[in-house]
Amino acid sequence: MTRHLNNMNTFLEKEFSIKILNNKILDGYDNKNYQIKTEENDFIYKTYKFSESLKDTVDAENDTLLYLQEEFDSYFPKPIPFNDNSFIKVVDSDDGKVISRMLSFLKGEFLGKAKHTPSLFESLGIFLAKLDIKLKDFKNYNIQARKWEWDIQYFDLNKKYINDIPNSKDRNVVTYFFNQFEEIVRPVIPELRKQVIHNDANEWNVLVQDGKISGIIDFGDVAHTFLINELAIAITYGCYDKENPLEWAIILVKSYHQELPLEEKELKILYYLIAARLCTSVCNSAHARKTDPDNTYASVSEKSAWKMLYRWLALNPIKAENEFREAAGFPKLKQIDIQEVLKRRHQHISPILSLSYKEPIHMVRSAFQYMYDADGNTFLDAYNNIPHVGHSHPKVVEAGKKQMAKLNTNTRYLFDELAIYAEKLLSHFPAKLNKVFFVNSGSAASDLAIRMANNHTGSKHMMVMELGYHGNTQTSIDISDYKFNNPKGNGQKKHIIKTTIPDIYKGKYQTDNSNAGQLYGLDAVAQIKESTVSISAFISEPIVGCAGQVPLPKGYLNEVYPAIRAQGGVCISDEVQTGFGRLGKHFWGFEASDVIPDIVILGKPIANGHPMGAVVCAEEIAASFEKGVEFFSSFGGNPVSCAIATAVLDVIEEEELQENAKVVGEHYALRLRELMHKYPCIGDVRGSGLFIGCEIVKDNSKDPNTELASHIKNELRRKHILISSDGPFDNIIKTKPALCFSKENVDSVVEAIDEILKTHYNNV
């Protein structure tokens, strides 16, 4: 430092009439801080790079501290005047002009280092409430005019930093909370109480002595903003590393409310304000790391912030609000009578539209791998494969919202989105499969695929897989053994040829036969050769889902496909369940068999639950189809559907979800096989990636144990984990979660099953 600051000690001794024993530089976010030690007292000397606006901010901070000295002289730093009675000076240094000021030093241990106890958190809540009561009447124009990222009311200012977050999944979680803020918080902003608050009661600003809060420092973020933000920020930082952050948050809410009563509207949005502060923290940390990698202070709490943000995501907002309301003495939100909901549903909707579980769940919100019910419970969704990249994925939501506001029409008009998506989708297929037709569902896609095959071959006879399922239109039911062979089904039609499912667990050829797949294939080939009619198409799923996640064994399709083609038919792969990277090692299920079909059916995950389906085929099939009656799907391939489907492909790539399906799926299968060795009721674990079946049998046999499978499914539901059962005897536990599922999620599922089975065997 030069001039005055070149010899800082001399400068300070002269200006403040003190004798300095030593000084020590401290961490700072965007300023320099020094601890000055004298014989009588310690002080904090602070310098900031000069700007007129920052000078106004520092002036406002000093004004706030001077105002607080009237009643709380020992709880806050006290501005120390220079020899001319001013509280700030602008001086020259090696860094150019700097703003300088001196403050009293407050003793105490940082909250970040202190032992956290309920009584300490009570003390913090009371302390902040008393502070805000004092600040209620404090006015300062510079504070009121200030607009910057660390004030939650200006949360949107942080959006520009989202792309500085290196991990795509992390970026999307942050974006999700931005969307929630816009939906939930923005409409009530005009109704919220506003005043000056400290605005940064973090773990390194709050001081502790004798198990109680003794003071707070650093008023650099003081803001005129929502009063409730004070509490939101304190909860954010106080609960960073807590296993159950809500439990500790409740203590703060209750103690703050005792001193300064909260309003219901404030508690309604508190969950989202906490999320907003967490997002602000990680956004700014990412930006700081990008722009100044050496500034470790700027990202000191980043890891903790991410940990809490993901824990917060797993928390049902209704539960949080109810807990906050109860802590403040308000009644919980009125519970919805599930019987009334059921009654209303059945007034107009047939019970043939079935519900999952003995105790139906009334869902109200969802996010990624979580679903939230009306009672405040969070369900880990290990079952719904339709939201392929995650429930309410912000990139998918945004794509649909933007396109819906721009254009939505049918394919008789030209628009770019159709061609863009077609090109992007087909880039994931072998060159042979280069034409695509869009419809509104997987069932409609099955229907169309059959129409195209029949048109191409001139035959209507279909070869289908035992226990296969391909949709709910009449045509697709006719080719779905799972449906037509149901006790309530209409039976097998004359034009349907059914082949045996190649089940290597309990079928004719089993795992002990290395050629099982080929042998099953040769049996199917024999059927083909014995057929007295020409077969239009052979259709199968790469893993037969409704059979209980039964994979087609290696070598099977290598025998069947050539035989079908040799007699003039085509080969159809139903990828509705298995496509788009779900199987981990392969983007499409047929790739696992090293074959290329002639037609591929797509649906469900193609647009993350938005109604869309597609048929991809070889050019010669499309060419023959063009000679027949015009194809038209009123809204198949509309701009909105295409925009959403494009976003799904983008997310799969950006978040590396296929690789995640592989890694997490392998972990899933491994953990389930560990249980298989532990409990004799688990006969088999099979599947690929995040498409896994677990066969529940009677001990030490292959006989289905439907009752136990049902028990496991319903006990998991009681533990707030969604999973399904399937198969001809409904004894296969079926799991096919969104591709954002994590190893930690897997461990939660497996540990819950372990606990259920342990209890079961203890009671047998």
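The values are calculated or read from the model by the stated rules, or taken from the named source; none is laboratory data. Since we're looking at a predicted model, the values are computed, not measured. Here the Cβ positions follow ideal geometry from the backbone for every residue, glycine too, while neighbour counts run over all protein chains shown.
Remarks
- Condition met for Lys488 (assigned to a helix (DSSP H, G or I) and not assigned by TED's automatic domain parsing to the domain that holds Val560): no
- Taken together, Ile450, Ile361 contain a single residue that is crowded, with 24+ Cβ neighbours inside 10 Å and either of a type in the set (Val, Ile, Thr) or farther than 30 Å from Gly693 by Cβ (or both), which is Ile450.
- Test: Glu755 is part of a strand (DSSP E or B) and either over 22 Å from Asp503 (Cα atoms) or among the acidic types (Asp, Glu) (or both): no
- Looking across segment 218-232, just one residue is among the aliphatic types (A, V, I, L, M) and surrounded by fewer than 23 Cβ atoms within 10 Å (Cβ to Cβ), and that is Leu227.
- Residue satisfying all of: in segment 567-588; among the aliphatic types (A, V, I, L, M) and not in a loop (DSSP other than H, G, I, E, B); nearest to Val525 (Cα to Cα) among these: Val570
- Conditions (1) surrounded by 14 or more Cβ atoms within 10 Å (Cβ to Cβ); (2) assigned by TED's automatic domain parsing to the domain that holds Ala249; (3) part of a helix (DSSP H, G or I): number failed by His116: (3)
- Residue within segment 462-471 that is within 35 Å of the chain's Cα centre (by Cα), of a type in the set (A, V, I, L, M), in a loop (DSSP other than H, G, I, E, B) and modelled with pLDDT of 95 or more present: yes
- So Gly125, is it among the small types (Gly, Ala, Ser), in a helix (DSSP H, G or I), buried (at least 17 other Cβ atoms within 10 Å of the Cβ) and touching a residue at least 12 places away in the same chain (Cβ under 8 Å): yes
- Residue in segment 147-188 that is surrounded by the fewest Cβ atoms within 10 Å (Cβ to Cβ), counting only those that are among the aliphatic types (A, V, I, L, M) and more than 11 Å from Pro394 (Cβ to Cβ): Val188
- Flag: Tyr520 matches the condition of being buried (at least 23 other Cβ atoms within 10 Å of the Cβ), more than 40 Å from the chain's Cα centre (by Cα) and touching a residue at least 12 places away in the same chain (Cβ under 8 Å).
- If the condition is being of a type in the set (A, V, I, L, M), touching a Lys or Arg at 6+ places or on another chain (Cβ under 8 Å) and crowded, with 24+ Cβ neighbours inside 10 Å, then segment 544-582 contributes Val550, Val576.
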